[in-house]
Structures are given as structure tokens and as C-alpha cells.
Amino acid sequence: MRVTWEEPGWERVAPGIGRRRLPGWDCTVGLVVGASAALLVDAGSHLAEGAALRAGAGRLLGPGRRVTHLALTHPHFDHVFGAAAFAGAEVFGAAGLDAALADGREELRADAVRNGLGADAAAEAADRLVRPGHLVPPGGEVGLDLGGGVRAVLANVGPGHTAHDLAVLVPGAPGSEGAEGPATVFCGDLVEESGEPQAGPDAVPSRWPAALDRLLALGGQDAVYVPGHGALVDAAFVRSQRDALAARFGVSR
């Protein structure tokens, strides 16, 4: 299947792989398209945004197709609050994400409101918060076969930005558009390009540089790295941000 990425707001990253930078918090969502399945990486910041993403992905995928898998990179509202829009999708997260979302529902709602989401939209999203049914163990990986030679690897590379950081690797093999592209790594907020990485109360700063080492080992030197916020970056940028975080948090290298 060939994806043209002509849907407004979507950007082609590699064959069969696209992403969209959402308004408001500049949060990235990704879409990986195989012959028989489609993986969305993160789900937007509220239910209406999730519904718009579902509709846009449906137009990209074509008649009769939908998002079948959803990977949530970490438990922050701007990445998970749209997930309820993807009914029927298999939902994945790092080990402990299910409990973090259940126990932190009220704090997620309050954080969303503090950051400018309307109170009603935040309350509705928190009430319908989706917890992952598939958990990737610490340091572990789960492979997904999306059909037509397209694979995705979900890797639990944290802790760092949070205690439950999931990355998504799409190896640089022939994709659904028939051409070969570089490996692509969706980093969640372990990597940010449009501003300094944010370390909230749930961050694990002492482990964050090591998480970026794992990202680099996952993707390699030539991969395209997709930050949770901002423009696409390369391995050199990730290494530089790793070193800056180590200096910022006093982590010995």
C-alpha cells in the first residue's frame, strides 16, 4: 500500500512512516503503515483531537482500514488523553503505565487544566482514560508485524523523562511504499527539539542519559529520531542532548 501523506498536517518521515505535530503543545504523533495493520504512536491531548487524528489516519489509510495498534510513549496528558478515540485498537505501553494512568488520573486532569486545556475537555478525557492492555517489561522489547515486511519494535528504554518511557523503532527495511528508508525511532519526550527537555516531578533524572544511550543503540547512527516535541533530529542531536542532560542533572558519564 502506498501512502501519499497528503492529509493536511502530516509529514512523511520514511516509506510507510509519517508524523504530525499537533497544535497547542507541539506534541508529535506518528503513524506506521503496513499491508495489514497500522500503528499510531501517541494519541493527542484530548478526545476531540484524538477523534480528528482517527479520521485523518482513516483518510490516509483508505477505505476499510483503521488504526489497529496504539503505542503510548509515557503518561502525560498531551500524549494519552486522545486514546479513547481509538476504540478497538490494541494499546501498548511500558510496564507500569497502566497503574500510573489509573493512580494518576486526577493529577493528569489537573495538569492538563494548568497547561491550558479546558476544564470540561480535561475532565471528559480523564474519565475515559485508556489503560494499555499490553505492557513491555523493563529493558524489554515487543515486535509487531504490520504486514508487507513492515515491522515495529516497541522498546521499554526508560526510566528517564518518566518512569514509564516507551520508544518505537521502525527498522529501515522495505516499507509499504516499496522503497528502502532509514530506521526511524519515535522517542517520546525522552528527546525534545523545540525546547529544553521537561523534567517534572515524575522524571528520573539520574537515569535519563542512560535512556538516551539505549535509544541510540536501538536506532543507530543513521536513524531518523522523532522527538516528542519539535523537528526531526539525528543521532548527533540525541548525543548532544544526552550530554546536556548529564551535565544539567550531575550524572557522571
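A straight chain from E196 to D120 at 0.36 nm per residue would run longer than the Cα-Cα distance by 24.4 nm. Between H134 and E6, the modelled label-to-label distance comes to 3.2 nm, taking each label 7 Å out from Cα in the direction of the beta carbon. Here the gap between A231 and R105, fully extended at 0.36 nm per residue and compared with their Cα-Cα distance, gives a gain of 42.4 nm.
For the range 106-253, the pair-distance distribution built from all alpha carbon pairs, in bins 5 Å wide starting at 0, is 2, 9, 16, 18, 18, 15, 11, 7, 2, 0 percent. Take the convex hull of the alpha carbons in the chain; its mean projected area over all directions comes to 11.9 nm². Take every Cα pair under 8 Å whose residues are at least 6 apart in sequence, average their separation, divide by the length of the chain, and the relative contact order is 17 percent. Using a Gaussian network for the chain with springs between C-alpha atoms less than 10 Å apart, which of these wobbles most: L47, L232, L166? Most flexible of the set in this elastic network: L232. In the chain, helices alone account for a calculated mean residue ellipticity at 222 nm of -8500 deg cm²/dmol, with every DSSP H run of four or more residues adding -39,500 (n - 2.57). Between the range 235-251 and the range 101-161, the C-alpha centres lie 25 angstrom from each other. Applying both filters, DSSP loop and at most 13 other Cβ atoms within 10 Å, to the trypsin sites (Lys or Arg not before Pro) of the range 1-90 gives R2.
Take every Cα pair under 8 Å whose residues are at least 6 apart in sequence, average their separation, divide by the length of the range 17-86, and the relative contact order is 34 percent. In loop segments of the range 106-138 as defined by DSSP, the trypsin sites (Lys or Arg not before Pro) with at most 15 further C-beta atoms inside 10 Å of their C-beta are R128. Go ahead and set up a Gaussian network model of the chain, Cα springs under 10 Å, then flag whichever of H164, H76, H134 fluctuates most. Highest fluctuation among the options: H134. Working from label points 7 Å from Cα in the Cα-to-Cβ sense, the A247 to E90 distance is 4.4 nm. Within the chain, what whole-number % of the accessible surface is contributed by carbon and sulfur, with the 1.4 Å probe and all protein chains included in the calculation? C and S atoms contribute 50 percent here.
Listed by number, the DSSP H helices of the chain that run 18 Å or longer by alpha-carbon position along their axis and have mean Kyte hydropathy of at least -0.5 are 47-61, 235-249.
The values are calculated or read from the model by the stated rules, or taken from the named source; none is laboratory data. Only a predicted model underlies this, so the values are computations on that prediction, with no experimental measurement involved. Glycine gets a Cβ as well: all are built from the backbone with ideal geometry, and neighbour counts include every protein chain shown. Quick note on the areas: whole protein, heavy atoms, side chains included, nothing else; ligands and nucleic acids left out. Shrake-Rupley method; radii C 1.70, N 1.55, O 1.52, S 1.80 Å.
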